[in-house]
Amino acid sequence: MSRILVTGGAGYIGGTTVAVLLQQGYEVTVLDDCSTGHADSVPAAATFYQGSILDGEIVRKALEDCDAVIHFAAKSLVGESVEKPDLYRSNNVNGSQVLFDEMDGAGITRIVVSSSAATYGDSREQPILESHKAHPTNPYGETKLAVDNLLVDLAHEENFAAISLRYFNVAGALMLESGWLAERHDPETHLIPNVLRATSEKPLKIFGTDWDTKDGTCIRDYVHVVDLADAHVKALSALETGRHEIINLGSGGGYSVREVVDTASKVVGYEIPAIEVDRRAGDPAVLIASIEKAKTILGWSPSRDLEMMISDAYKSLKD
Ligand code: UDP
């Protein structure tokens, strides 16, 4: 049986992937420093090491008996990355380098990596193809691109088999026997959790209503976290020695902020309290993924729609 090391496996997307791997019969080791993840969300069936990917010794231990790695561990807030670019470079790029060196040393060359649409930057071409020139507009996106570039070299020089999965906007939650596995960020910056937490005292802030879009609000491509986790497991079977592939994960379509608010109002059965405020710094107007490559190479396409993402996120908050 195959054992997979999941770095960042105590987080939202990493944790969901751990659950799906276990459901599909894989053995799992989790390495997470719990700076943003939660030790209590790691299932007992997984072997758990609490520590940083910057620590070669613990990475070496965690890699024992593993055949492949799914690498999520990273700092992932755009705003924070603008304030603390060095923290992002150290954690995301240097940490990945330590992981890759230890994998190389242990003869483990198969890896699926969590990348981001933030690598593309502001794009006029929609939907965005993987061949689109990467031009990140913030340090977070720069660090994700730097990691993808490290893998290009490792595939050519060390025969690594690597896939970088570039996520668009991830939402939803997974129901487990132990309860819901959901987004637990502090501070929460993402639209759908903020929509569901909005109250008349603390209404949702809609960032900008003067964008060049159909209703003036930004458009994003949302994908359910369980569909996303499935794509990672499929990617393990699509790895090819000496190759690095970049594959987008989204739905291939987009919703405006207002459409998300309207859908959420329908799901919860009351009107989500919202106010209009200025644009948020660094936001592009539209981000939509082309998912043709995911369909062809992974045999994957998402099966859960926006209503389900919102309703799962809502149930996870209420339970
Ligand atoms: N957004 C908003 N209010 C919020 C959070 C987000 O209007 O409280 C908007 C944000 O400006 C963007 C979209 O919702 O246009 C998605 O933002 P999110 O932070 O969820 O993801 P991002 O696209 O930035 O990765």
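For segment 209-282, which trypsin sites (Lys or Arg not before Pro) are both in a DSSP coil and crowded by at most 12 other Cβ atoms within 10 Å?
214
Work out the FRET efficiency for residue 305 and residue 57 from their Cβ-Cβ distance, taking R0 = 41 Å, and round it to the nearest 0.05.
The pair residue 305/residue 57 has a calculated efficiency of 0.35.
What do you get when you divide the Cα radius of gyration of segment 9-77 by 2.2 N^0.38 Å, with N the number of residues?
1.02
Kindly express, to the nearest 10 degrees and within the range 0 to 90, the angle between helix 95-106's C-alpha long axis and the longest C-alpha principal axis of the chain.
So the helix axis and the longest Cα principal axis differ by about 30 degrees.
Would you work out which of 39, 22, 155 lies farthest towards the positive end of the dipole of the chain? Charges go on Cβ: Lys and Arg +1, Asp and Glu -1.
The residue sitting most towards the positive pole is 22.
Working from Cα positions, state the angle (0 to 90°, nearest 10) between the long axis of helix 306-318 and the longest principal axis of the chain.
90 degrees
Can you give the translational diffusion coefficient of the chain in µm²/s, computed by Stokes-Einstein from the Kirkwood radius over Cα pairs at 20 °C and 1.002 mPa s?
The diffusion coefficient I find is 108 µm²/s.
Using +1 at the Cβ of each Lys and Arg and -1 at the Cβ of each Asp and Glu in the chain, identify which of 134, 182, 275 lies farthest towards the dipole's positive end.
Highest projection toward the positive end goes to 275.
Taking N as the number of residues in segment 273-319, what is its Cα Rg relative to 2.2 N^0.38 Å?
1.70
Of 268, 30, how do they rank once you tally other Cβ atoms within 10 Å and put the fewest first?
The most exposed by this proxy come first: 268, 30.
Taking the Cα centre as origin and putting +1 on Lys and Arg beta-carbons and -1 on Asp and Glu beta-carbons, what dipole magnitude results for segment 1-100, to the nearest 20 debye?
With only Lys, Arg, Asp and Glu charged at Cβ, the dipole is about 140 debye.
Once you've got the Cα coordinates, tell me which of 234/293; 61/234; 75/295; 205/315 are over 19 Å apart.
61/234; 75/295; 205/315
Would you work out the charge dipole size for segment 198-319 about its Cα centre, treating the Cβ of every Lys and Arg as +1 and the Cβ of every Asp and Glu as -1, and quote it to the nearest 20 debye?
Here segment 198-319 has a charge dipole of around 240 debye.
Please go through segment 71-125 and write out the GluC sites (Glu not before Pro) that DSSP classes as loop and that have at most 13 other C-beta atoms within 10 Å.
Of the GluC sites (Glu not before Pro), the ones in loops of segment 71-125 whose Cβ has at most 13 other Cβ atoms within 10 Å are 125.
Given segment 209-319 reduced to its alpha-carbon atoms as identical point scatterers, what log10 I(q)/I(0) does the Debye formula return at q = 0.10, 0.20 Å⁻¹?
Log-scaled intensity ratios, in q order: -0.39, -1.11.
Compute the angle between helix 139-158 and the longest alpha-carbon principal axis of the chain, please, reported from 0 to 90 degrees and rounded to the nearest 10.
30 degrees
Between residue 262 and residue 199, what FRET efficiency comes out of the Förster formula 1/(1 + (r/R0)^6) with R0 = 22 Å and r the beta carbon distance, rounded to 0.05?
0.75
Any chance you could list P(r) for segment 181-266, counting all Cα-Cα pairs in 10 angstrom bins from zero, rounded to whole %?
P(r) over segment 181-266, rounded to whole percents: 13, 36, 30, 16, 5, 0.
Restricting the calculation to Cα positions, tell me the Rg (one decimal) and the Dmax (whole number) of segment 48-176 in Å.
15.2, 45
With point charges of +1 on the Cβ of Lys and Arg and -1 on the Cβ of Asp and Glu, referenced to the Cα centre of the chain, which listed residue (103, 119, 310) lies farthest in the positive direction of the dipole?
Working it through, the farthest residue towards the positive pole turns out to be 310.
FYI, it's all coordinate maths here, none of it is from the lab. From a predicted model like this one, the values you see are computed outputs, not experimental measurements. When we count neighbours, we look across all protein chains shown, and the Cβ atoms used for this are built from the backbone with ideal geometry, even at glycine.
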